[in-house]
Amino acid sequence: MSKSIGVFDSGVGGLTVAGELIRQLPNENIIYFGDTARVPYGIRSQETIIRYSVDDALFLLKHDVKLICVACNTASSVALPVIRNHFKVPVVGVIIPGAKEAVYASRNKRIGVIGTRGTIKSRSYEKELKRLDPKVKVFAQACPLFVPFAEEGCLSGSEISSIAAKYLKPLKNAKVDTLILGCTHYPLLKPVIKKIMGNNVTLIDSARQVALEVKNILTSEGLLNGKHKAVYKFFVSDNPEWFSSLAHRFLGRQVMGVKVNV
Ligand code: DGL
(Lines give C-alpha, C1' and ligand atoms only; values in the text may rest on other atoms or scores of the structure.)
Protein backbone atom coordinates (compact mmCIF):
# COMPACT_ATOMS: atom_id res chain seq x y z
CA MET A 1 0.00 0.00 0.00
CA SER A 2 1.27 3.51 -0.75
CA LYS A 3 2.32 5.63 2.22
CA SER A 4 -0.28 7.55 4.21
CA ILE A 5 -0.63 11.10 5.43
CA GLY A 6 -0.37 11.03 9.23
CA VAL A 7 -2.69 13.32 11.18
CA PHE A 8 -2.65 13.80 14.93
CA ASP A 9 -4.70 15.70 17.43
CA SER A 10 -5.26 15.64 21.18
CA GLY A 11 -8.54 13.81 20.53
CA VAL A 12 -11.50 13.91 18.22
CA GLY A 13 -11.33 17.57 17.08
CA GLY A 14 -8.65 16.99 14.44
CA LEU A 15 -11.24 15.11 12.43
CA THR A 16 -12.42 18.52 11.18
CA VAL A 17 -9.01 18.80 9.49
CA ALA A 18 -8.98 15.15 8.38
CA GLY A 19 -12.38 15.72 6.74
CA GLU A 20 -10.97 18.53 4.63
CA LEU A 21 -7.94 16.40 3.66
CA ILE A 22 -10.32 13.66 2.53
CA ARG A 23 -12.33 16.17 0.47
CA GLN A 24 -9.34 17.79 -1.22
CA LEU A 25 -7.10 14.72 -1.53
CA PRO A 26 -9.44 11.81 -2.29
CA ASN A 27 -6.61 9.47 -3.39
CA GLU A 28 -4.58 9.82 -0.19
CA ASN A 29 -4.57 7.24 2.60
CA ILE A 30 -4.85 8.74 6.07
CA ILE A 31 -3.71 7.47 9.45
CA TYR A 32 -5.29 9.50 12.24
CA PHE A 33 -4.16 9.42 15.85
CA GLY A 34 -6.25 11.02 18.62
CA ASP A 35 -4.59 11.12 22.02
CA THR A 36 -7.87 10.56 23.87
CA ALA A 37 -6.12 9.31 27.03
CA ARG A 38 -4.45 12.68 27.54
CA VAL A 39 -6.93 15.17 26.02
CA PRO A 40 -7.28 18.13 26.54
CA TYR A 41 -3.91 19.62 25.58
CA GLY A 42 -5.22 23.19 25.82
CA ILE A 43 -4.80 23.39 29.60
CA ARG A 44 -1.33 21.76 29.83
CA SER A 45 2.12 23.32 30.24
CA GLN A 46 4.30 23.89 27.18
CA GLU A 47 6.70 21.10 28.24
CA THR A 48 3.85 18.61 28.49
CA ILE A 49 2.30 19.63 25.17
CA ILE A 50 5.70 19.19 23.49
CA ARG A 51 6.25 15.76 25.10
CA TYR A 52 2.77 14.54 24.11
CA SER A 53 3.13 15.88 20.56
CA VAL A 54 6.49 14.18 20.04
CA ASP A 55 4.93 10.89 21.22
CA ASP A 56 2.06 11.38 18.75
CA ALA A 57 4.45 12.05 15.87
CA LEU A 58 6.54 8.99 16.80
CA PHE A 59 3.40 6.84 16.73
CA LEU A 60 2.56 8.05 13.22
CA LEU A 61 6.14 7.49 12.04
CA LYS A 62 5.93 3.86 13.19
CA HIS A 63 3.31 3.61 10.44
CA ASP A 64 5.78 5.05 7.94
CA VAL A 65 3.72 8.13 7.07
CA LYS A 66 4.98 10.41 4.28
CA LEU A 67 3.87 13.68 5.91
CA ILE A 68 2.65 14.67 9.35
CA CYS A 69 -0.25 17.07 9.73
CA VAL A 70 -0.52 18.52 13.23
CA ALA A 71 -4.27 19.15 13.28
CA CYS A 72 -4.33 20.35 16.89
CA ASN A 73 -4.00 24.14 17.24
CA THR A 74 -2.49 23.83 20.71
CA ALA A 75 0.15 21.32 19.55
CA SER A 76 0.83 23.39 16.41
CA SER A 77 1.24 26.53 18.53
CA VAL A 78 3.69 25.04 20.98
CA ALA A 79 5.39 21.95 19.54
CA LEU A 80 5.76 22.48 15.78
CA PRO A 81 9.42 23.65 15.78
CA VAL A 82 10.45 20.68 17.96
CA ILE A 83 8.64 18.18 15.71
CA ARG A 84 10.14 19.77 12.59
CA ASN A 85 13.66 19.61 14.07
CA HIS A 86 13.32 16.01 15.22
CA PHE A 87 11.86 14.30 12.17
CA LYS A 88 12.68 14.19 8.48
CA VAL A 89 9.19 14.00 6.96
CA PRO A 90 7.41 17.24 6.00
CA VAL A 91 5.34 18.61 8.90
CA VAL A 92 2.31 20.86 8.37
CA GLY A 93 0.68 22.74 11.24
CA VAL A 94 -2.54 24.74 11.30
CA ILE A 95 -1.29 28.16 12.45
CA ILE A 96 0.49 29.49 9.34
CA PRO A 97 -2.29 28.48 6.90
CA GLY A 98 -4.96 30.07 9.14
CA ALA A 99 -2.94 33.26 9.64
CA LYS A 100 -2.31 33.58 5.89
CA GLU A 101 -6.00 33.30 5.09
CA ALA A 102 -6.89 35.84 7.79
CA VAL A 103 -4.41 38.45 6.55
CA TYR A 104 -5.75 37.94 3.05
CA ALA A 105 -9.37 38.31 4.19
CA SER A 106 -9.04 41.32 6.51
CA ARG A 107 -9.77 44.77 5.14
CA ASN A 108 -9.44 46.87 8.31
CA LYS A 109 -6.38 44.92 9.57
CA ARG A 110 -8.07 44.18 12.89
CA ILE A 111 -8.02 40.42 13.39
CA GLY A 112 -9.46 38.39 16.26
CA VAL A 113 -8.15 35.00 17.38
CA ILE A 114 -9.97 32.53 19.62
CA GLY A 115 -8.48 29.27 20.89
CA THR A 116 -7.60 27.21 23.95
CA ARG A 117 -5.68 28.78 26.82
CA GLY A 118 -2.49 27.08 25.53
CA THR A 119 -2.88 28.47 22.02
CA ILE A 120 -3.67 32.00 23.19
CA LYS A 121 -0.88 32.00 25.79
CA SER A 122 1.67 30.94 23.14
CA ARG A 123 0.71 33.97 20.99
CA SER A 124 1.47 31.78 17.97
CA TYR A 125 -1.22 33.33 15.75
CA GLU A 126 -0.31 36.85 16.79
CA LYS A 127 3.38 36.28 15.95
CA GLU A 128 2.55 34.77 12.58
CA LEU A 129 -0.02 37.45 11.68
CA LYS A 130 2.45 40.22 12.52
CA ARG A 131 5.19 38.47 10.57
CA LEU A 132 2.91 38.38 7.52
CA ASP A 133 1.74 41.97 7.97
CA PRO A 134 3.31 44.13 10.71
CA LYS A 135 0.41 46.57 10.43
CA VAL A 136 -2.28 44.18 11.68
CA LYS A 137 -3.75 44.58 15.15
CA VAL A 138 -4.49 41.28 16.86
CA PHE A 139 -7.10 40.71 19.57
CA ALA A 140 -6.98 37.30 21.24
CA GLN A 141 -9.40 35.52 23.53
CA ALA A 142 -9.27 32.06 25.12
CA CYS A 143 -12.63 30.27 25.03
CA PRO A 144 -12.08 27.22 27.27
CA LEU A 145 -15.74 26.20 27.52
CA PHE A 146 -16.19 25.86 23.75
CA VAL A 147 -14.43 22.46 23.60
CA PRO A 148 -16.69 20.65 26.12
CA PHE A 149 -19.80 22.24 24.59
CA ALA A 150 -18.81 21.07 21.09
CA GLU A 151 -18.04 17.57 22.39
CA GLU A 152 -21.37 17.40 24.21
CA GLY A 153 -23.17 18.44 21.03
CA CYS A 154 -24.48 21.67 22.65
CA LEU A 155 -24.07 23.70 19.48
CA SER A 156 -27.05 26.01 19.89
CA GLY A 157 -29.38 27.24 22.63
CA SER A 158 -29.26 29.76 25.42
CA GLU A 159 -26.28 28.34 27.39
CA ILE A 160 -23.75 28.31 24.54
CA SER A 161 -25.12 31.59 23.18
CA SER A 162 -24.58 33.46 26.44
CA ILE A 163 -21.11 31.93 26.96
CA ALA A 164 -20.14 32.84 23.40
CA ALA A 165 -21.53 36.37 23.79
CA LYS A 166 -19.35 36.88 26.88
CA TYR A 167 -16.18 35.51 25.24
CA LEU A 168 -16.69 37.40 21.99
CA LYS A 169 -17.69 40.78 23.45
CA PRO A 170 -14.12 42.18 23.61
CA LEU A 171 -13.54 41.15 19.99
CA LYS A 172 -16.78 42.77 18.86
CA ASN A 173 -15.85 45.91 20.77
CA ALA A 174 -12.44 45.88 19.09
CA LYS A 175 -14.24 45.95 15.71
CA VAL A 176 -12.37 43.02 14.21
CA ASP A 177 -13.50 42.23 10.64
CA THR A 178 -11.90 38.76 10.62
CA LEU A 179 -11.93 36.08 13.31
CA ILE A 180 -9.66 33.04 13.34
CA LEU A 181 -11.35 29.94 14.77
CA GLY A 182 -8.07 28.76 16.30
CA CYS A 183 -9.19 25.41 17.66
CA THR A 184 -10.22 22.15 16.03
CA HIS A 185 -13.65 22.23 17.70
CA TYR A 186 -14.76 25.75 16.85
CA PRO A 187 -15.95 25.14 13.26
CA LEU A 188 -18.86 23.23 14.87
CA LEU A 189 -19.86 26.42 16.67
CA LYS A 190 -19.74 28.57 13.53
CA PRO A 191 -23.51 29.35 13.49
CA VAL A 192 -23.55 30.66 17.07
CA ILE A 193 -20.28 32.59 16.58
CA LYS A 194 -21.54 34.05 13.29
CA LYS A 195 -24.78 35.18 14.92
CA ILE A 196 -22.89 37.08 17.60
CA MET A 197 -20.13 38.54 15.44
CA GLY A 198 -22.47 39.45 12.56
CA ASN A 199 -22.32 38.88 8.82
CA ASN A 200 -19.58 41.44 8.24
CA VAL A 201 -17.00 39.45 10.17
CA THR A 202 -15.22 36.72 8.18
CA LEU A 203 -14.72 33.51 10.14
CA ILE A 204 -11.48 31.70 9.29
CA ASP A 205 -11.43 27.94 9.65
CA SER A 206 -7.90 26.93 8.68
CA ALA A 207 -8.74 23.33 7.65
CA ARG A 208 -9.25 24.24 3.97
CA GLN A 209 -5.91 26.09 3.78
CA VAL A 210 -4.15 23.28 5.65
CA ALA A 211 -5.37 20.71 3.13
CA LEU A 212 -4.21 22.98 0.31
CA GLU A 213 -0.77 23.29 1.89
CA VAL A 214 -0.54 19.49 2.29
CA LYS A 215 -1.51 19.13 -1.37
CA ASN A 216 1.15 21.63 -2.46
CA ILE A 217 3.90 19.88 -0.49
CA LEU A 218 2.95 16.41 -1.72
CA THR A 219 2.85 17.73 -5.29
CA SER A 220 6.21 19.48 -5.12
CA GLU A 221 7.87 16.46 -3.44
CA GLY A 222 6.36 14.08 -6.00
CA LEU A 223 4.53 12.22 -3.21
CA LEU A 224 0.95 12.59 -4.42
CA ASN A 225 -0.92 9.31 -5.01
CA GLY A 226 -2.41 8.40 -8.36
CA LYS A 227 -6.07 7.44 -8.61
CA HIS A 228 -6.90 4.63 -6.17
CA LYS A 229 -9.35 3.80 -3.39
CA ALA A 230 -8.06 5.55 -0.27
CA VAL A 231 -7.81 3.75 3.07
CA TYR A 232 -8.50 5.54 6.36
CA LYS A 233 -7.27 4.19 9.70
CA PHE A 234 -8.13 5.67 13.08
CA PHE A 235 -6.18 5.11 16.29
CA VAL A 236 -6.72 6.49 19.78
CA SER A 237 -4.89 6.11 23.08
CA ASP A 238 -8.11 5.39 25.03
CA ASN A 239 -11.87 4.95 24.76
CA PRO A 240 -12.47 4.12 21.08
CA GLU A 241 -16.24 3.94 21.69
CA TRP A 242 -16.35 7.58 22.81
CA PHE A 243 -14.24 8.60 19.80
CA SER A 244 -16.50 6.71 17.37
CA SER A 245 -19.65 8.17 18.89
CA LEU A 246 -18.36 11.73 18.36
CA ALA A 247 -16.58 11.14 15.06
CA HIS A 248 -19.61 11.62 12.85
CA ARG A 249 -20.21 15.15 14.13
CA PHE A 250 -16.59 16.19 13.52
CA LEU A 251 -15.85 14.29 10.31
CA GLY A 252 -19.26 14.24 8.67
CA ARG A 253 -19.11 10.49 8.22
CA GLN A 254 -19.17 7.34 10.31
CA VAL A 255 -15.84 6.00 11.59
CA MET A 256 -15.52 2.23 11.97
CA GLY A 257 -12.85 0.01 13.54
CA VAL A 258 -11.11 2.55 15.76
CA LYS A 259 -8.08 0.86 17.33
CA VAL A 260 -6.42 1.57 20.65
CA ASN A 261 -2.70 2.06 20.65
CA VAL A 262 -0.70 3.20 23.64
N1 DGL B 1 -7.44 20.05 19.64
C2 DGL B 1 -7.30 21.16 20.56
C3 DGL B 1 -6.94 22.43 19.77
O4 DGL B 1 -7.20 22.54 18.58
C5 DGL B 1 -8.55 21.38 21.39
C6 DGL B 1 -8.76 20.35 22.46
C7 DGL B 1 -7.66 20.31 23.50
O8 DGL B 1 -7.56 21.24 24.33
O9 DGL B 1 -6.91 19.35 23.48
O10 DGL B 1 -6.36 23.33 20.33
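Results, tabulated for the structure shown:
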| item | result |
| --- | --- |
| Student exercise, the range 113-235 dipole from Lys, Arg, Asp, Glu Cβ charges, in Debye to nearest 20 | 260 debye |
| Too-long pairs where the Cα-Cα distance tops 28 Å, listed order kept, from Lys62/Lys127; Lys100/Lys229; Lys66/Lys109; Lys121/Lys169 | Lys62/Lys127; Lys100/Lys229; Lys66/Lys109 |
| Cβ-derived FRET efficiency at R0 41 Å, Lys88 paired with Lys194, nearest 0.05 | 0.50 |
| Stokes-Einstein D (µm²/s) once Rh is taken as the Kirkwood radius of the range 31-89 over alpha-carbon pairs, at 37 °C in 0.692 mPa s | 284 µm²/s |
| Glu241 paired with Tyr104, simple spin-label distance in nm, labels 7 Å along Cα-to-beta-carbon | 4.4 nm |
| Lys, Arg +1 and Asp, Glu -1 on Cβ, resulting dipole of the range 179-235 about Cα centre, debye, nearest 20 | 280 debye |
| Cα lying deepest toward the dipole's positive end in the chain, options Gly222, Val201, Gly182, charges on Cβ | Val201 |
| Alpha carbon convex hull of the range 119-212, volume per residue in cubic angstrom | 106 Å³ |
| Mean projected area in nm² (Cα convex hull; one quarter of hull surface) for the range 1-100 | 6.2 nm² |
| Value of relative contact order over the range 5-112, rounded to a whole percent, pairs C-alpha under 8 Å and six or more apart | 29 percent |
| Lys/Arg +1, Asp/Glu -1 at C-beta; the chain dipole; positive extreme among Leu171, Ile5, Gln24 | Leu171 |
| Stretchable slack from Arg253 to Ala165, in nm (0.36 nm times residue separation minus alpha-carbon distance) | 28.6 nm |
| Relative contact order [Cα under 8 Å, 6+ residues apart], the range 117-262, whole percent | 17 percent |
| Distribution of pairwise C-alpha distances over the range 124-177, 5 Å bins, in % | 4, 17, 20, 19, 17, 13, 8, 3 |
| Nearest-20 debye value, the chain charge dipole, Cβ charges on Lys, Arg, Asp, Glu | 860 debye |
| Pairwise label distance in nanometres, Ile43 with Met1, each label 7 Å out on the Cα-Cβ vector | 3.6 nm |
| Heavy-atom SASA rank of Tyr125, Tyr232 (probe 1.4 Å, accessible area, largest first) | Tyr232, Tyr125 |
| Length-normalised contact order for the range 100-143 - Cα pairs under 8 Å, 6+ apart - percent | 52 percent |
| Lys172 paired with Lys229, simple spin-label distance in nm, labels 7 Å along Cα-to-beta-carbon | 5.0 nm |
| Theoretical gain in end-to-end length, Asp55 to Arg123 [0.36 nm per residue, Cα-Cα removed] | 22.1 nm |
| Kirkwood Rh and Cα Rg combined as Rg/Rh, the chain | 0.95 |
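The values are calculated or read from the model by the stated rules, or taken from the named source; none is laboratory data. Since we're looking at a predicted model, the values are computed, not measured. Glycine also receives a Cβ, built like all others from the backbone with ideal geometry; neighbour counts cover every protein chain displayed. Ligands, DNA and RNA are stripped out before the accessible areas are found, and what is left, the full protein with its side chains, is counted by its heavy atoms. Shrake-Rupley method; radii C 1.70, N 1.55, O 1.52, S 1.80 Å.
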